[in-house]
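To start, the structure under review is shown below, and the notes come after it.
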Amino acid sequence: MDRGSELSKIRHSAAHVLAAAVLRLFPNAKLDIGPATEAGFYYDFDLDHKFSQQDLEKIEAEMRKIIAENQQFTRKIVSREEAMAMMKLRNQPYKLERLADIPEGEEISLYSNGEFVDLCRGEHINSTGEIGAIKLLGIAGAYYRGSEKNKQLQRISGTAFASQGELDEYLNALEEAKKRDHRKLGKELKLFLISDEVGQGMILWLPRGAIIRKELQNFILEELEKHGYQQVFTPHIAKLGLFRTSGHFPYYKESQFAPLPDRLTLEKNISAGQSCEEMFSALEAGQAEGFLLKPMNCPGHIVIYMAEPRSYRDLPLKLAEFGTVYRWEQSGELSGMTRVRSFTQDDAHIFCTEQQLRDEISGCLSLVKVIFKTLGMEKFRVRIGLRAKNSDKYIGSDANWAAAEEVLRSAAGELEVPFEENEGEAAFYGPKIDFVVQDVIGREWQLGTVQVDYNLPERFNMSYIGPDNREHRPIMIHRAPFGSLERFVGLLIEHFGGDFPTWLAPEQVRIIPLGDSLVGYANTVCGELKAHGIRCSTDSSSDKLNAKIRRAEVEKIPHMFVLGPREADTSSVSIRSRVDKSFTGTLQLQDAIMHLRKLIDSRKLSHLAMSSCEII
């Protein structure tokens, strides 16, 4: 959130009011940090007492008192020694550690309101009375500095707005989001499972969820083929040396699974009495060979590129893979399908010449736009990550960077959607474009990304023979429209509220016979539907019609075919559709099949899915 925006100031000030209220009620509480966030604010506390829901209500009431007192926010510039003395006097050890993080020579400031004083750089509103409306939302554990190696603190989160009306609107959206929570719906609709026996952050795709994943993969593969991509497959594990060359190991080892020693080396070192610590030190130093669960797909694609000599006539070479990668996310950061340790990327890499870069970037962006439009996710914006000025952390020539940045600007402008440029947000190896989609409660999610890479071609000494018969270095483009299938499906579950359009629905038609004598005809109808690639099942239970219809509605089946004696005699079906107002009444079975196939083949959004999108 923009630290200088009025809403950010309100929320940051509300965080201070929260800390002041906690200290009034729990004087022994130790404070860490309390920033404004995109959704509100939070503050982290260290306290032997475990906060409860009743405590939350008391704290919120105390906050309202402080707001009513209209306390002034006062900023004071102090020396490091003064700040240290103030925090020692108040027995705030975490603040002393945060103070030590401030570089020498940088300005240090304290903010006070009433009896409360905090180490803070700002910014704040003028007084507590300017906070229009607040609501505390929950309590959670949060490791100090985000590391599992540190003590777990208690995080109280909340939100604040300039007016009660804005707060009420947000809370209503939040309630709607709870109904759509992909973790809740995923369990109810039997889409995916997370099991401690398998491991946290590891998604088990259940049959119904696997159908959604498969349909999305088929969709993106169709689009990739239109754009000239070739599908490849690479192993889930590779030699450690490959990732040393790419730079992924050991530079990013904290976010990766631990390397695995080569089996023969492992047995030999165990026999020699080598400790685990010595073994892993040898792996990290490159003194022993091992393997790594791949954190990225790109090194494997580079090896495929380099497997044979390349000419400029071979370029652009576009390699695509639904590749599963593994990242060691901290347990406190794992969340359903949206933050996991094993995930599959709709990954692709384009190897091209400098002259081809513009067209290839434009092709990547148009592909992303088609995908978002098909799924009713047309409210998105683009972020362009550029180099920071006067920084030496980037590789590649100034001329290449300037050209690549201009290509991204130009391509983003052609999309006709809002875009912004963020200096310092480029990767060290090249500029990038991120696609940010808004979800059902206004949160923003980064999904697809397109990145220009000058680094890996250099590290792997990649080349192609140009028209001058000399070696040249290709440019590499990374692109993944969905980001990861797990994260994307998690977002889609919430986006559609579980009411998927017909082409994505795990079960597209529920067949409901009115009695045992009609089960035979129901099975015939089901067989015909399946023969035409339509997913269906028959509810042959002895329940009454209303109960069967209700069950199909709860399971969010888009269409129901109700079969009575008349339908059986005339080879017809009585249609009850939850998602297509034009698909109702009685039709001949073949006509109904034809209508469904058109709905599926066109990947048309249903009115329920579209109404879900409009909430955004």
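Name the aspartates and glutamates eligible as straight-distance cross-link partners of K65: C-alpha to C-alpha under 15 Å, and not fewer than 8 places from it in the same chain. Filter leaves E57, E115, E130. Screening the chain for DSSP H helices whose Cα atoms reach 27 Å or more along their own axis and whose mean Kyte hydropathy is at least 0.0 gives 6-25. Its Cα gyration tensor gives the stretch 1-72 an equivalent ellipsoid. The semi-axes, each the square root of 5 times an eigenvalue, are 21, 15, 11 Å from largest down. The Cα trace of the stretch 461-568 gives Rg and Dmax of 24.5, 79 Å, the first to one decimal, the second as a whole number.
Along its principal axes, the chain has C-alpha extents of 91, 73, 60 angstrom, given from the largest down. Taking 0.36 nm per residue of separation and subtracting the current Cα-Cα distance, fully stretching the chain between R80 and M306 would add 75.8 nm.
For the peptides 384-391, 551-558, residues were scored by their other Cβ atoms within 10 Å and the scores averaged per peptide; the highest-first order is 551-558, 384-391.
Taking a straight Cα-Cα cut-off under 13 Å and skipping sequence neighbours fewer than 8 places away in the same chain, the aspartates and glutamates within cross-link reach of K151 are D32, D44, D46, D48. The GluC sites (Glu not before Pro) of the stretch 194-268 meeting both criteria, a DSSP state outside H, G, I, E and B (loop) and at most 11 other C-beta atoms within 10 angstrom of the site's C-beta, are E197.
Centre-to-centre separation between the Cα atoms of the stretch 542-582 and those of the stretch 262-316: 56 Å.
For the pair S109 and V554, the difference between a 0.36 nm per residue extended length and the Cα-Cα distance amounts to 154.6 nm. With both bridge residues required to lie in the chain, what share of the DSSP beta bridges run antiparallel, to the nearest 5%? The answer is about 85 percent antiparallel. Ranked by the mean number of other Cβ atoms within 10 Å per residue, highest first, peptides 472-483, 588-599, 354-365 order as 472-483, 354-365, 588-599.
The simple Förster model, with R0 at 45 Å and r as the Cβ-Cβ distance, assigns L545 and H236 a FRET efficiency of 0.40. Using the Cβ of P250 as centre and a radius below 14 Å, the other residues enclosed give a net charge of 0, where K and R count +1 and D and E count -1.
Only helical runs count toward this figure. For the chain, summing -39,500 (n - 2.57) over DSSP H runs of n ≥ 4 and dividing by all residues gives -12000 deg cm²/dmol at 222 nm.
Per residue, the convex hull spanned by the Cα atoms of the stretch 179-282 measures out at 197 cubic angstrom. Here the accessible area of the stretch 255-356 is 52 percent carbon and sulfur, with a 1.4 angstrom probe and all protein chains present. Each part reduced to its alpha carbon centroid, the stretch 446-479 and the stretch 12-77 end up 51 Å apart.
Out of every Cα-Cα pair that the stretch 507-567 contains, those further apart than 14 angstrom amount to 50 percent.
Size estimate for the stretch 429-512 follows the Kirkwood approach: the inverse of mean 1/r over distinct Cα pairs works out to 16.4 Å. Pairs exceeding 32 Å between alpha-carbon atoms, taken from K253/K379; K9/K178; K178/K379; K30/K389: K253/K379; K30/K389.
Run the numbers for E277 and T265: contour at 0.36 nm per residue of separation, minus the present Cα-Cα distance, in nm.
Length difference between fully extended and current span is 2.9 nm.
In the full protein context, the chain carries 47 Å² of accessible surface per residue, based on a 1.4 Å probe and ignoring ligands, DNA and RNA.
Loop-only check: which trypsin sites (Lys or Arg not before Pro) in the stretch 145-233 are DSSP coil with at most 14 other Cβ within 10 angstrom?
Those satisfying the criteria are K149, K151, K190.
Entry note, the chain: relative contact order of 11 percent, from Cα contacts under 8 Å with a spacing of 6+ residues. Quick check: from the Cα gyration tensor, does the stretch 263-330 come out rounded (a/c under 1.5), prolate or oblate? Because a/c hits 1.5 or more and a/b exceeds b/c, the stretch 263-330 counts as prolate.
The values are calculated or read from the model by the stated rules, or taken from the named source; none is laboratory data. The structure displayed is predicted, hence computed values, not measured ones. Using ideal geometry, Cβ is built from the backbone for each residue, glycine included, and neighbour counts are taken over all protein chains shown. Protein only, heavy atoms only, side chains kept; ligands, DNA and RNA dropped before computing areas. Shrake-Rupley method; radii C 1.70, N 1.55, O 1.52, S 1.80 Å.
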